[in-house]
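Asker: Structure incoming, see below.
The values are calculated or read from the model by the stated rules, or taken from the named source; none is laboratory data. All figures in this text were calculated on a predicted structure; none of them were measured in a lab. No Cβ is skipped: glycine too gets one built from the backbone with ideal geometry, and neighbour counts run over all protein chains shown.
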């Protein structure tokens, strides 16, 4: 069987377990050829007090032009954190590389707790909507989903009916598969609401909620989902596998008293369990 190839476009934060340092090993564990296109190189992620930053915006399209000379095919293109100006560059790259059978996953990776991350321009969400217009799948958290659909943000706790309404509004922007992550319908649980537009199917997967946040958890979830989905699992199976993988890593990190904001998830020891889940029928 031909090995599938995934291009993931996001920054490389050397320390802190997020973006490419998370995506590449998880996608590789799923037996995909993981190709990373770094948008920037940072000494560490921006939850630290200080960091160094090298912008690679001018190199992004140069890289893909080299690949196009060899007619490389990508089965899936998956984007993560992008600056406002990089969204248009990424849009052009996807337009050039996307073929009829190429799937596109957009992780907005731009907001949390009701507001955009620092440093984005005022038109960031409008630019992100443009990128979503060529997406097949997206996995926003509640803040990102509300900002993209102009729904009011009331925190991560939300009614089931409102979450479904938000998911359907997101699908109107382009993607046919919506993964609304981090939703809380009842105290003590956290889950992912799934909307598959073509099937008009809505489903939900939940686990218990831990009393701590981990930087890069969303990156781990999205990467694990893409890996499972490209292995032929259904959307729901892929969400379950990814959610369980992240939950196990969160529990391990919590038990080991890891500083989740600075160092992210101890996901590496859980990759073997992730692989077992992928190989199960």
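Asker: Does at least one position in the stretch 217-234 carry a residue that is in contact with a strand residue (DSSP E or B) (Cβ under 9 Å, 6 or more places away or on another chain) and more than 26 Å from residue 77 (Cα to Cα)?
Answerer: For the stretch 217-234, residues in contact with a strand residue (DSSP E or B) (Cβ under 9 Å, 6 or more places away or on another chain) and more than 26 Å from residue 77 (Cα to Cα): absent.
Asker: Moving on to the next point. Going through 43, 13, 63 one at a time, which residue ends up being touching a strand residue (DSSP E or B) at 6+ places or on another chain (Cβ under 8 Å), on the phi < 0 side of the Ramachandran plot and crowded, with 19+ Cβ neighbours inside 10 Å?
Answerer: 13
Asker: From the list 258, 183, 226, 246, which residue is in contact with a helix residue (DSSP H, G or I) (Cβ under 6 Å, 6 or more places away or on another chain) and either in contact (Cβ under 8 Å) with a residue 60 or more places away in the chain or closer than 26 Å to residue 48 by Cα (or both)?
Answerer: The conditions single out 246.
Asker: As an exercise: evaluate residue 7 against (1) closer than 21 Å to residue 94 by Cβ; (2) modelled with pLDDT under 95 and give the number of the one condition it does not meet.
Answerer: (2)
Asker: Just checking, how many residues over the stretch 34-51 are at pLDDT 95 or above, more than 15 Å from residue 82 (Cβ to Cβ) and out of contact with any helix residue (DSSP H, G or I) (no Cβ under 7 Å at 6 or more places or on another chain)?
Answerer: Total meeting the criteria: 2.
Asker: Mind checking which residues of the stretch 172-195 are farther than 21 Å from residue 209 by Cα and not in a strand (DSSP E or B)?
Answerer: 172, 173, 174, 175, 176
Asker: How many residues are free of Cβ contacts under 8 Å to residues at least 40 places away in the same chain and surrounded by 13 or more Cβ atoms within 10 Å (Cβ to Cβ) if we restrict to the stretch 66-81?
Answerer: The number of residues fulfilling the criteria is 1.
Asker: Now for a separate question. Tally up the residues in the stretch 113-141 that are in a loop (DSSP other than H, G, I, E, B) and within 14 Å of residue 172 (Cα to Cα), please.
Answerer: Going through the stretch 113-141, the residues in a loop (DSSP other than H, G, I, E, B) turn out to be 113-114, 117-123, 133-136, 139-140.
With the extra rule that they be within 14 Å of residue 172 (Cα to Cα), the set shrinks to 133-136.
Here the count works out to 4.
Asker: Follow-up. Check the stretch 155-162 and report whether any residue there is in contact with a helix residue (DSSP H, G or I) (Cβ under 8 Å, 6 or more places away or on another chain), surrounded by 15 or more Cβ atoms within 10 Å (Cβ to Cβ) and either farther than 21 Å from residue 76 by Cβ or at pLDDT below 95 (or both).
Answerer: yes
Asker: Go through 123, 113 for me and flag whichever is closer than 20 Å to residue 217 by Cα, exposed (fewer than 13 other Cβ atoms within 10 Å of the Cβ) and touching a helix residue (DSSP H, G or I) at 6+ places or on another chain (Cβ under 7 Å).
Answerer: Numbers: 123 fails: closer than 20 Å to residue 217 by Cα.
Residue meeting the stated conditions: 113.
Asker: Here's a follow-up. Looking only at the stretch 207-222, count every residue that is touching a residue at least 60 places away in the same chain (Cβ under 8 Å), over 11 Å from residue 241 (Cα atoms) and either part of a loop (DSSP other than H, G, I, E, B) or in contact with a helix residue (DSSP H, G or I) (Cβ under 6 Å, 6 or more places away or on another chain) (or both) and tell me the total.
Answerer: 4
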